[in-house]
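The values are calculated or read from the model by the stated rules, or taken from the named source; none is laboratory data. Treat the numbers as computed from the prediction; the structure is a model and nothing was measured. Here the Cβ positions follow ideal geometry from the backbone for every residue, glycine too, while neighbour counts run over all protein chains shown.
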Amino acid sequence: MADSRETLTKKAFVTGYPVKHSRSPLIHGHWLKTLGIDGSYTAQEVAPENFPAFISALKEGTSGFRGGNVTIPHKEMAFALADEPDALASELGAANTLWLEEGRLKATNTDGMGFTANLDERHPGWDMTDCAVVLGAGGASRAILQALRNRGIGEIHVLNRTLDRARELADRFGDRIHAHSLEALPEVMKGAGLFVNTTSLGMDGSDVPDIDFSSMKTGAVATDIVYVPLMTPILAMAEAQGLAIVDGLGMLLYQAVPGFEKWFGRRPAVDETLRTLVIADM
Ligand code: ATR
């Protein structure tokens, strides 16, 4: 009798609650079409109380999925329920990519890789700095701090409205990460080579504080993980002060690549056609 795993169709999902805002079906649908793969990638809205049953059906093969992406609020539970989370997901305590392999549910977190791949593409050499400033200490910040540390950035300052959250991340990711409240921003910007915004500052009706980007080192770059709009208030402020800027759309696109490869067996391209397609959908 054929192994039930081999009979799985090429089906993958993105699950969240809510999930209808997700652009992942557009991205993966584009890749399936351009690569001529007979598969599907669909949004599955799953309430938190139903998530364990959703994962059980995935593991048992009864849902027919090979795996999928996981977004808010399921990333922590996805990590906890996976059979084999990798080192990245384990350190973060959160997974965004799941796949079945030899009957085991494997899990990783590709957010940090998406972040660095976007910078690598759009501003090569961005990592030639000893000092980075990261605004915000939520889930996205956590993955970015991990990626910056793993990339060998010397000192990383994480600033947050709620200082305790920044402290928790600094404790978790090692002694090169320093926690501050937002008031420390002018001081830590001096000589820094990379500025990262992971907050919704300026997007939620809040005022953006004046940030002096001119005190950063020559050639410094600013990036934002918010990508709607592509030009966020913080990026606009950085650009007006002469900084190089990188928008956050590429992080979304690159974080999707490893999952597609696992479920559908081909490496998809992150290119201008895909960027244009996602921008047109905003
Ligand atoms: P995500 O997973 O996208 O990072 P999150 O966990 O909700 O989302 O984190 C949002 C981040 O934006 C937090 O760092 C939050 O600060 P607090 O920890 O103090 O809540 C920050 N943030 C959101 N709105 C903000 C505002 N108006 N001013 C300053 N920081 C803000």
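Restricting attention to region 200-241, which residues are polar (S, T, N, Q) and surrounded by 17 or more Cβ atoms within 10 Å (Cβ to Cβ)?
Thr223, Thr232
More than 28 Å from Glu45 (Cβ to Cβ) and aliphatic (A, V, I, L, M): is that true of Leu145 in this structure?
So Leu145 fits the description; yes.
Mind counting the residues in region 151-164 that are touching a residue at least 40 places away in the same chain (Cβ under 8 Å) and within 9 Å of the ligand (Cβ to nearest atom)? Let's see the steps before the verdict.
Within region 151-164, the first condition is being touching a residue at least 40 places away in the same chain (Cβ under 8 Å), and the residues that meet it are 153.
In the following step, the residues that additionally are within 9 Å of the ligand (Cβ to nearest atom) were identified as none.
Adding up the residues that qualify gives 0.
For region 242-264, which residues satisfy the criterion of being more than 20 Å from Thr42 (Cα to Cα) and either loosely packed, with under 15 Cβ neighbours inside 10 Å or of a type in the set (A, V, I, L, M) (or both)?
Result: Gly242, Leu243, Ala244, Ile245, Val246, Leu249, Met251.
Being among the small types (Gly, Ala, Ser), in contact with a Gly (Cβ under 8 Å, 6 or more places away or on another chain) and in contact (Cβ under 8 Å) with a residue 40 or more places away in the chain is true for just one of Gly68, Gly136, Gly64. Which residue is that?
Gly68
Could you grab me the full set of residues in region 45-68 that are buried (at least 18 other Cβ atoms within 10 Å of the Cβ) and farther than 13 Å from Leu100 by Cβ?
Val46, Phe51, Phe54
Could you figure out which of (1) surrounded by fewer than 14 Cβ atoms within 10 Å (Cβ to Cβ); (2) assigned by TED's automatic domain parsing to the domain that holds Ile156; (3) assigned to a loop (DSSP other than H, G, I, E, B); (4) modelled with pLDDT of 95 or more isn't true of Arg267?
Going through (1) surrounded by fewer than 14 Cβ atoms within 10 Å (Cβ to Cβ); (2) assigned by TED's automatic domain parsing to the domain that holds Ile156; (3) assigned to a loop (DSSP other than H, G, I, E, B); (4) modelled with pLDDT of 95 or more one by one, Arg267 breaks only (2).
Have a look at Arg151, Arg142 and point out the one that is modelled with pLDDT of 95 or more, charged (D, E, K, R) and within 17 Å of Ser200 (Cα to Cα).
Of the residues listed, the single one that is modelled with pLDDT of 95 or more, charged (D, E, K, R) and within 17 Å of Ser200 (Cα to Cα) is Arg142.
What single numbered condition from (1) in contact with a Ser or Thr (Cβ under 7 Å, 6 or more places away or on another chain); (2) hydrophobic (A, V, I, L, M, F, W, C); (3) not assigned by TED's automatic domain parsing to the domain that holds Gly67 fails to hold for Ala132?
Of the numbered conditions (1) in contact with a Ser or Thr (Cβ under 7 Å, 6 or more places away or on another chain); (2) hydrophobic (A, V, I, L, M, F, W, C); (3) not assigned by TED's automatic domain parsing to the domain that holds Gly67, the odd one out for Ala132 is (1).
Could you list, in sequence order, the residues of region 117-135 that are in contact with a Leu (Cβ under 8 Å, 6 or more places away or on another chain) and of a type outside the set (A, V, I, L, M, F, W, C)?
Asn118, Asp127, Thr129 - these are the residues of region 117-135 that are in contact with a Leu (Cβ under 8 Å, 6 or more places away or on another chain) and of a type outside the set (A, V, I, L, M, F, W, C).
Given the criteria β-branched (Val, Ile, Thr) and away from the ligand (no atom under 16 Å from the Cβ), does Thr71 qualify?
no
Output the number of residues of region 133-150 satisfying the condition of being away from the ligand (no atom under 16 Å from the Cβ) and surrounded by 16 or more Cβ atoms within 10 Å (Cβ to Cβ).
So the count comes out to 1.
May I ask you to list the residues in region 72-102 that are of a type outside the set (Gly, Ala, Ser), under 16 Å from Met113 (Cβ atoms) and either surrounded by fewer than 20 Cβ atoms within 10 Å (Cβ to Cβ) or free of Cβ contacts under 8 Å to residues at least 24 places away in the same chain (or both)?
Pro85, Asp86, Glu91
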